[in-house]
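Shown next, in structure tokens, is the structure this report addresses.
Where a number appears in this text, it was derived from the coordinates with a stated rule and is not lab data. It should be emphasised that the depicted structure is a prediction, and the values quoted were computed from it without experimental measurement. Please note: Cβ atoms are built from the backbone with ideal geometry, for glycine as well, and neighbour counts cover all protein chains shown.
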Amino acid sequence: MISCLTYGGVIEEIMMRLFLLSLIAFIIWKLFFRNSDTVPEKVLVAANITAALLFALGHLPSTLMLFGEVTPLILIRCIVLNSMAGLVCGHLYINHGIQYAMLSHMGFHIIWKLVWILFI
């Protein structure tokens with residue numbers, strides 16, 4: 001559980017939000033909004049959506065290990081749930097900072113473990 005919280009909450013957030021989301025936003029900003037002094041909100045939204053989808057796709061290997069096979073329903077489940085979590089963490093990162101994204105990610109892991117233990 002500690003490794004799950006540490007890797008998911010800290011390492012994944014550094015990779016996906018601090019690095020990837022920021023990089024995508026910077027690239028979009030410099031390619032399409034060069035004359036703007038600040039990063040437009042729509043750039044941050046586009047970067048957040050892109051990073052959230054990549055975050056979800058990055059969870060496919062663990063989904064395969066968990067379920068043994070990836071059916072269309074399991075694929076949709078993986079992408080929808082992880083994209084939603086990625087969007088929330090991205091929003092928190094953009095508006096409040098990386099520490100809130102990390103805490104939120106850790107919270108998602110704790111809730112998922114409790115659901116898994118209690119209902120599955």
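Dividing the mean sequence gap of close Cα pairs (under 8 Å, 6+ apart) by how many residues region 2-119 holds gives a relative contact order of 35 percent.
Calculate the FRET efficiency for Leu54 and Phe119 from the Cβ-Cβ distance with a Förster distance of 35 Å, rounded to the nearest 0.05. The pair Leu54/Phe119 has a calculated efficiency of 0.75. Inter-label distance, Val80 to Phe67: 1.1 nm, where each label sits 7 Å from its Cα along the C-beta direction.
Across region 28-37, rounded Karplus estimates of 3J(HN,Hα) from the backbone phi angles (6.51 cos²θ - 1.76 cosθ + 1.60, θ = phi - 60°) give 4, 4, 6, 7, 10, 10, 4, 7, 7, 6 Hz, Gly and Pro being marked x.
Along its first, second and third principal axes, ordered by size, region 1-100 spans 50, 31, 16 Å in Cα coordinates. In the chain, the calculated helix contribution to ellipticity at 222 nm averages -24000 deg cm²/dmol per residue, counting -39,500 (n - 2.57) for every DSSP H run with n ≥ 4.
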